[in-house]
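Written out below as structure tokens is the structure these notes cover.
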Amino acid sequence: MTTLFDTQSELLGGAERVRTRVRGFAPWTPRADTLELLERVQGVFGEYVDYLPLTIRQIFYRLVGRYEYEKTERAYARLCEHLNRARRARLIPMAAIRDDGTTTIAPNAWESAEQFLETVGRQAAKLILDRTAGQKTRLVVTCEAAGMAPQLGRVANPYGIPVISSGGFESTTERYNFARELADHDRPTDVLDIGDHDASGAHKYLAFCEDIEAFVRELGGRVTFTRLAVTPTQIEELGLPTAPPKETDRRAFSGETCQAEALAPDVLAATLRVAIEQRIDRDIYQRVLRREKRERQKLINRLNDI
């Protein structure tokens with residue numbers, strides 16, 4: 001049998017590793033200043049417990065705003081390393097921080113038909129209809145940072161509104177598929193977007209809007225775009241931390257930059273909720289909820305007769 005250690009030399013082309021980072025759970029005794037930093041991080045978790053998990057970038061900006069933590073990429077990298085060690089040392093819960101980068105595709109499987117029916121019965125109590133039915137406009141939320149999607153979903157999903165990470169929309173295929181999905185609906189779509197205010201974020205957003213709109217128009221649909229965050233007005237009114245544009249980025253952009261994660265999670269949630277409420281007919285929405293409740297009970301009754 002070939003072991004991991006038997007293959008290391010081959011994987012590295014014959015070279016030998018001199019040093020590796022800790023693996024799995026590992027004890028760690030932070031210095032006094034690092035321990036103080038971790039206590040502040042725990043304070044951030046306590047303040048935004050309803051919005052967990054947070055991305056490390058969100059934690060970073062909460063520390064910058066509340067504790068005057070150094071706002072540099074070097075300080076951010078240092079924070080990433082501290083939080084990595086703290087989680088491995090069980091000083092910070094793994095579930096409090098969201099990391100992205102994996103995709104899981106797995107089949108549904110059951111021990112028996114009885115287990116399947118029991119699961120269906122439990123799910124029947126959670127039946128959700130199309131809560132956007134009857135609305136004049138269909139809403140979709142897109143966000144540049146995938147790590148923020150679960151927080152935004154807690155706000156948008158109860159209204160029946162999907163949240164999509166727009167980071168993957170750089171390819172022609174992904175843009176076309178998204179446009180085709182929008183054009184298949186019999187109502188116009190308003191895309192509510194959340195992204196960074198910098199040259200990269202601005203140009204990606206403009207290219208995304210222009211490409212999707214062109215595809216949708218050709219496919220016979222209608223779509224509009226609304227930039228919810230981050231906007232120059234929000235930066236000024238909320239006093240969000242900013243940074244100069246990168247000198248290496250030559251794309252057209254004027255003014256200071258600001259990342260979407262600089263918005264406090266509760267402020268971001270409130271911004272999205274207000275935008276949704278302004279765009280839906282509340283009476284129609286409530287009628288769908290009442291119908292949903294009736295349909296849920298009918299389904300439960302039918303399953304109980306099986």
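Coordinate-derived values only; no laboratory data. What you are looking at is a predicted structure, and each value in this text was computed from that prediction instead of being measured. Cβ: placed from backbone, ideal geometry, glycine included. Neighbour counts: every protein chain shown.
Looking at region 18-73, the GluC sites (Glu not before Pro) that sit in a DSSP loop and have at most 16 other Cβ atoms within 10 Å of their own Cβ are E68, E70. For F225, the residues 5 or more places off, or on other chains, whose built amide H falls under 5 Å of its own are V191.
Kindly provide the GluC sites (Glu not before Pro) of region 226-272 that DSSP labels as loop, not H, G, I, E or B, and whose Cβ sees at most 13 other Cβ atoms within 10 Å. If you can, show how the numbers build up before the last one.
Numbers: sites: E236, E237, E247, E256, E261; in loops: E247, E256.
Filter output for region 226-272: E247.
For region 180-306, DSSP calls about 25 percent of its internal beta bridges antiparallel.
Taking a ≥ b ≥ c as the square roots of the eigenvalues of the Cα gyration tensor of region 202-306, is the shape rounded (a/c under 1.5), prolate (a/b larger than b/c) or oblate? Judged from the Cα gyration tensor, region 202-306 comes out prolate (a/c at least 1.5, a/b above b/c). The alpha carbon centroids of region 160-198 and region 282-306 are separated by 30 Å. Each DSSP beta bridge with both residues in the chain is either parallel or antiparallel, and the antiparallel ones are about 10%. Cross-link partners for K136 among the lysines, with Cα-Cα distance under 30 Å and sequence neighbours closer than 8 places in the same chain left out: K126, K204, K293, K298. Once backbone amide H atoms are built at 1.01 Å from N, H197 has V230, C258, Q259, A260 as its partners under 5 Å, excluding neighbours fewer than 5 places away on the same chain. Excluding the site residues themselves, the longest part of the chain lacking any trypsin sites (Lys or Arg not before Pro) in a DSSP loop with at most 13 other Cβ atoms within 10 Å is 137-245. Determine the shape class of region 92-144: with a ≥ b ≥ c the square roots of the Cα gyration tensor eigenvalues, call it rounded for a/c under 1.5, and otherwise prolate if a/b is greater than b/c, oblate otherwise. Oblate, because a/c is 1.5 or more while a/b does not exceed b/c. State whether region 23-96 is rounded, prolate or oblate according to the following rule on the C-alpha gyration tensor (a ≥ b ≥ c being the square roots of its eigenvalues): a/c under 1.5 gives rounded; otherwise a/b larger than b/c gives prolate, and the remaining case gives oblate. Note, shape of region 23-96 comes out oblate.
Can you give the local net charge around D190? Use residues other than it whose beta-carbon is closer than 11 angstrom to its beta-carbon, Lys and Arg +1, Asp and Glu -1. Residues close to D190 contribute a combined charge of +4.
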